[in-house]
Amino acid sequence: MMLQCTVQAAIDVNISLAETDFRHELPKIKTPTLILHGDADQSCPLEVTGRKAAELMPNCRLKVY
């Protein structure tokens, strides 16, 4: 889908995701969720993104690669 949108739309989505704080929304997700995260990710380090998100979600499993 990203290949079908404009470059500006992709940039705007990226900015929106980077600037929006979802911490208050994550505990409301009741659906079983799997987060896949790499331990060498430099742009979104595991300890400050993937692990914290998994801890906030009540029915979440974190798989680290």
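Look at the dipole of the chain built from charges on Cβ: of Ala53, Ala18, Gln4, the Cα furthest out on the positive end belongs to Ala53.
What net charge do the residues around Thr33 carry, taking every other residue with its C-beta under 13 Å from that of Thr33, with Lys and Arg at +1 and Asp and Glu at -1? After counting each charged neighbour, the total is +2.
Explain nothing, just the number: dipole magnitude of the chain about its Cα centre with +1 on each Lys and Arg Cβ and -1 on each Asp and Glu Cβ, in debye rounded to the nearest 20. Show your work: numbers first, answer last.
Values: 7 positive and 8 negative charges, 74 e Å.
For the chain, the charge dipole is close to 360 debye.
Distances between every pair of Cα atoms in the chain, grouped in 10 Å steps from 0 to the bin holding the largest one, split as 19, 39, 37, 5 percent.
Contour minus end-to-end for Leu3 and Lys30, with contour as 0.36 nm per residue of separation and end-to-end as the Cα-Cα distance?
Values: separation 27, 0.36 × 27 = 9.72 nm, distance 3.10 nm.
The span from Leu3 to Lys30 would gain 6.6 nm if fully extended.
Backbone geometry of the range 57-65 corresponds, through the Karplus equation with coefficients 6.51, -1.76 and 1.60 at θ = phi - 60°, to 3J(HN,Hα) couplings of 9, x, 10, 10, 10, 10, 10, 9, 10 Hz, x marking Gly and Pro.
Relative to the dominant Cα principal axis of the chain, helix 7-19 is inclined by about 30°. A cut-off under 13 angstrom between Cβ atoms defines the neighbours of Thr49, and their net charge, with Lys, Arg +1 and Asp, Glu -1, is -2.
Throughout, read-outs are computed from the coordinates displayed, never taken from laboratory work. Here the structure is a predicted model, which is why all the values come from computation and not from measurement. Heads up, the Cβs are rebuilt from the backbone with ideal geometry, glycines too, and the neighbour counts pull from every protein chain shown.
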